[in-house]
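Right, I'll just put the structure down here and ask away after.
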Amino acid sequence: MQEDPIASSNGIKINAGSFRILFDPTSGRRLGEDWNVFITHAHSDHTYGFATSARKHSTPETLRIYESLSNRKVKNERTVRIGERVEFDDVEIRVLDAGHMLGSSQFHLITPEFTALYTGDINCVDTLTTKPAQPVPCDFLIIEATYGHPSYVFPRRDTIYADIIRWTMTEIRADRLPTFQVYSSGKPQDIVRLFNVYTKIPVVCSPAISRANHAHNENGFRLEYLDSSTADGKRALKERGCVYVTTTRRDHVPRNASRALATGWALREAFRSFTAFPLSSHADYNQLLQFIAGARPKAVYIFTGYIDVLSAQIERKLGIKAGRLPAHAQTKLLDFPKSAA
Ligand SMILES: [Zn+2]
């Protein structure tokens, strides 16, 4: 049976020529050295490929953030900068900016038979740490749809930034510790930069976030913050008058904290004991439709999020065939570890 050129199987599997290529493996399943994995960004649900024996391709920023957060040294890696390309005979993979976090990338696949664009996670507006993702024309577009529902249209980013600063100042005046609980990389650095650029409020960050901050500073940022594990960081938290950025682990939160979340879900969901701001690193519904229209693909494949809702909207509004990725070739992959030796 003829294989689909692109299939969903432990990530996005590309059947192009004799090369074994996977974008963003979705599990730590064993992959031998004859596989080429491409990792879009440093969020943990996209970095399983770094733990395999395969040849690993990512931007240097993604590799650096992953290594600093995992305390691991990645072997058999090849870094590729945004704007550069990797060639496998007559197959070419170009690395484009995804706008989702520092180092995040999209992969533009060019083969003699077809072109495809795999977005990974994308964001299409300016943030304080990223530039918007741009679409490129392609035959097949493989895109996320985390917020691919008409009810997710985010307010302007500067409005959200202003709301965050206003709330923080109110909490400080009330002698509480405004505390943002977020993932370690991406959004926290946007929040640190927000306070650095627009206020004089000192920012204290938990150790994991401080490590990701450091990786950002090595890549040209000038994030100013105190690590909560240092004497200065501890003193600032005690004296208050600062903002605290920490991870989602409960035990990191001091008693006098007034807790906040920054997530796109805040648009429609209430979070008990949190103030929630709809600050997202993902494209909203309008951004997704605009991006797809710009790529002008023959077909759209959606790998996560509101797959059915967005597919129907794409077909109705843009007249483009859309749906989930074909998921065969599973057997071949499952057999792979035995024949790989
Ligand atoms: Zn992500």
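Report the equivalent ellipsoid semi-axes for the range 233-325 in whole Å, largest first, defined as the square roots of five times the eigenvalues of the gyration tensor built from alpha carbon atoms.
Numbers: eigenvalues 336, 32, 24 Å².
In descending order, the three semi-axes are 41, 13, 11 Å.
Of Trp167, Trp35, Trp265, which has the most accessible area and how do the rest follow, probe 1.4 Å?
Working: Trp167 30, Trp35 5, Trp265 85 Å².
Correct descending sequence by accessible area is Trp265, Trp167, Trp35.
Further question on the same structure: Given the protein chains as shown and a 1.4 Å probe, how many square angstrom of Glu239 are accessible, to the nearest 10?
Roughly 130 Å² of Glu239 is accessible to a 1.4 Å probe.
Continuing with this model, one more query. Ranked from the most accessible area to the least, with a 1.4 Å probe and all protein chains present, what is the order of Met101, Met169? The partial results should precede the final answer.
Numbers: Met101 5, Met169 80 Å².
These residues rank, largest area first, as Met169, Met101.
Projecting each Cα onto the charge dipole of the chain (Lys/Arg +1, Asp/Glu -1 at the beta carbon, about the Cα centre), which of Ser58, Tyr147, Leu288 comes out farthest on the positive side?
Tyr147
Something else about it: Could you name the lysines whose alpha carbon sits less than 18 Å from that of Lys73, not counting residues in the same chain fewer than 8 places away?
Lys56
Could you grab the relative contact order for the chain? Cα pairs under 8 Å, six or more apart, rounded to a whole percent.
RCO, the chain: 18 percent.
Sticking with this one: Would you mind telling me which residue in Thr129, Thr248, Thr59 has the biggest mean-square fluctuation in a Gaussian network model of the chain, where springs connect alpha carbons within a distance under 10 angstrom?
In this elastic network of the chain, the residue with the biggest mean-square fluctuation among Thr129, Thr248, Thr59 is Thr248.
Here is a further query. Taking every DSSP beta bridge with both residues inside the chain, roughly what % is antiparallel (nearest 5)? Write out the running numbers ahead of the final one.
Values: 22 of 60 bridges.
Of those bridges, close to 35 percent are antiparallel.
Near the amide H of Asp227, under 5 Å away, which other amide H atoms are found, from residues 5 or more places off or on another chain, if H is placed in the peptide plane?
It is Cys205, Gly233, by chain and number.
At 0.36 nm per residue, and after removing the present C-alpha to C-alpha distance, how many nm does the segment from Ala312 to Arg85 gain when stretched out fully?
So the extension gain works out to 78.4 nm.
Then there's this: Can you tell me the convex hull volume per residue for the range 1-156, based on C-alpha atoms, in Å³ to the nearest whole number?
Details: hull volume 20.3 nm³, N = 156.
Hull volume normalised by residue count: 130 Å³.
What is the Cα coordinate range of the range 26-101 on the first, second and third principal axes, sorted by size from largest, in whole angstrom?
Cα extents, longest axis first: 35, 30, 19 Å.
Top mean-square fluctuation among Leu177, Leu22, Leu318, Gaussian network model of the chain, C-alpha springs under 10 Å?
Maximum fluctuation in the GNM of the chain, among the listed residues, is at Leu318.
Where does each of Asp24, Asp158, Asp139 land when they are ordered by accessible area, with a 1.4 Å probe and the largest first? Numbers along the way, then the final one.
Values: Asp24 5, Asp158 80, Asp139 35 Å².
Most to least solvent-accessible, the answer reads Asp158, Asp139, Asp24.
At what distance in angstrom do the alpha carbon centres of the range 241-290 and the range 312-327 lie from each other?
With the range 241-290 and the range 312-327 each reduced to a Cα centre, they are spaced 31 Å.
Compactness ratio of the range 68-172: Cα Rg over 2.2 N^0.38 Å, N = residue count?
Values: Rg = 17.9 Å, N = 105, 2.2 N^0.38 = 12.9 Å.
This ratio for the range 68-172 stands at 1.39.
Then there's this: Ignoring everything except DSSP H segments at least 4 long, calculate the 222 nm mean residue ellipticity for the chain; use -39,500 (n - 2.57) per segment, divide by total residues, nearest 500.
Numbers: 8 runs with 93 residues, N = 341.
Helix contribution divided over all residues of the chain: -8500 deg cm²/dmol.
Beyond 36 Å, what share of the Cα-Cα pairs of the chain is found? Please give it as a whole percent. Walk me through the numbers before you get to the answer.
Details: 13629 of 57970 pairs.
Counting every Cα pair in the chain, those more than 36 Å apart make up 24 percent.
The values are calculated or read from the model by the stated rules, or taken from the named source; none is laboratory data. Not measured: the values here are computed from a predicted model. When we count neighbours, we look across all protein chains shown, and the Cβ atoms used for this are built from the backbone with ideal geometry, even at glycine. We work out accessible area using only protein heavy atoms, side chains counted, and drop any ligands, DNA or RNA first. Shrake-Rupley method; radii C 1.70, N 1.55, O 1.52, S 1.80 Å.
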